[in-house]
Amino acid sequence: MRKVALSLFLVAIVVLAAGCVGKSTGLTEEKVINAIKNIKTAHYDENFTMAMDFTIPDDNTTINMTMHFRINAMMDRVKKRALGNYTGWVYYSGLNMTFNWPVYIEGNDTYLKVDGKWYNATDNQETGAGSYNLDAIRAILNSTNVSIMPVDGGYQFKLNVTFEQFANATGRTYALDRLFQINGTVETHAGWVLVKLKKDGTPYYIETYFDLTLNIPHPLTNDTIPVHVIVHDSEALNKINEPVVIEKPKGVENAPRFDGLWD
């Protein structure tokens, strides 16, 4: 079931690396796009949860997996850097793994500090965090019509989307590509994006939810294994455009691959 676990983890990466929003009525698209462009620095707190279950047809065994990740970091969108902490836990087949790692991101490269040593945890050219959510908002604004409603002294909108639409709109289809390579498919039973905006169009809260079925071929038979997946992600931005200094940590330049996580 290694391919199943890998596909699910890749779905997690896509959601963590992507973001969301769309076109506007009331608050113009141009104002939102300009507000996004004007965000140079910020702190962000992102919480991601994924729960899944599937049954192995060979012996009718049910497998459950739950994971929760949190990234609390500051970002510099000009230098394309982020620095913070990556915490969470993964429960899978009776095993419970917890972690608390410093994280540094530069461009498309992600590094984790484990047991006092930096490792290169970059999985592909689509990884990233923080500013990528804002870039995703701009991408969806250019392709989707939404109604932005006034609320709580600002604005918000909620948009129904499939997981494929979400991945394609953000340009981060790595998990889907890997799934399709093994002749898998994805069905979205429910999916939405909620975005809260300040009066000037600056996004300060992004939330996504997906109820999915991944249909993954059995590696040894002609059977298809349906994997039920619930994904919930939320990100709050604060201290927008306040001064931040993010220096590249020592040990990052020659950091070895973090094979224990990705391979």
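The values are calculated or read from the model by the stated rules, or taken from the named source; none is laboratory data. None of the values given here were measured: they were computed from a predicted structure. Because the Cβ atoms are built from the backbone with ideal geometry, glycine has one as well, and the counts that use them run over all protein chains shown. Areas reflect the complete protein model, heavy atoms only, side chains present, ligands, DNA and RNA absent. Shrake-Rupley method; radii C 1.70, N 1.55, O 1.52, S 1.80 Å.
Given a Förster radius of 25 Å and the C-beta distance between Val114 and Asn241 as r, what FRET efficiency does 1/(1 + (r/R0)^6) yield to the nearest 0.05? Efficiency, from the Cβ-Cβ distance: 0.20.
With all protein chains in place and ligands, DNA and RNA left out, the 1.4 Å accessible area ranks Leu134, Leu194 as Leu194, Leu134, largest first. Assign one of three labels to segment 6-254, namely rounded, prolate or oblate, based on the Cα gyration tensor with a ≥ b ≥ c the square roots of its eigenvalues; rounded applies when a/c is under 1.5, prolate when it is not and a/b is larger than b/c, and oblate otherwise. In terms of gyration-tensor shape, oblate.
Roughly how many percent of the accessible protein surface of segment 6-254 is carbon and sulfur, given a 1.4 Å probe and a whole-percent answer? Carbon-and-sulfur percentage of accessible area, whole number: 48.
Arg178 contributes an accessible area of around 80 Å² to the protein surface, as traced by a 1.4 Å probe with all chains present. Which parts of segment 141-159 would a label at Leu194 reach, counting a residue when its backbone N lies under 19 Å from a point 7 Å out along Cα-to-Cβ? What the label zone holds, given the 19 Å backbone N cut-off, is 146-159.
Measuring with a 1.4 angstrom probe and ignoring ligands and nucleic acids, Trp192 comes out at about 50 Å² accessible. Taken about its Cα centre, segment 170-226 carries a charge dipole of roughly 340 debye when the Cβ of each Lys and Arg holds +1 and the Cβ of each Asp and Glu holds -1. Going by accessible surface with a 1.4 Å probe and the largest first, Val195, Val90 read Val90, Val195. Each residue of segment 226-232 was assigned a 3J(HN,Hα) from its phi angle through the Karplus curve 6.51 cos²θ - 1.76 cosθ + 1.60 (θ = phi - 60°); the sequence is x, 10, 8, 10, 10, 10, 9 Hz, with glycine and proline shown as x. Candidates Thr185, Pro203, Met50 compared by Cα position along the dipole of segment 6-254: farthest toward the positive end lies Pro203, with charges placed on Cβ. Within straight cross-link reach of Lys113, meaning Cα distance under 22 Å, which lysines are found once same-chain residues fewer than 8 apart are removed? Result set, ordered by chain and number: Lys79, Lys80, Lys248, Lys250.
Taking a point 7 angstrom from the Cα of Phe99 along the C-beta vector, which residues in segment 224-263 have backbone N less than 12 Å away? Of the residues in segment 224-263, 258-263 have backbone N under 12 Å from the label point off Phe99. Given +1 at the Cβ of Lys and Arg, -1 at the Cβ of Asp and Glu and no other charges, the dipole of segment 6-254 around its Cα centre is 1060 debye to the nearest 20. These residues, Val245, Val114, go from largest to smallest accessible area, 1.4 Å probe, as Val245, Val114.
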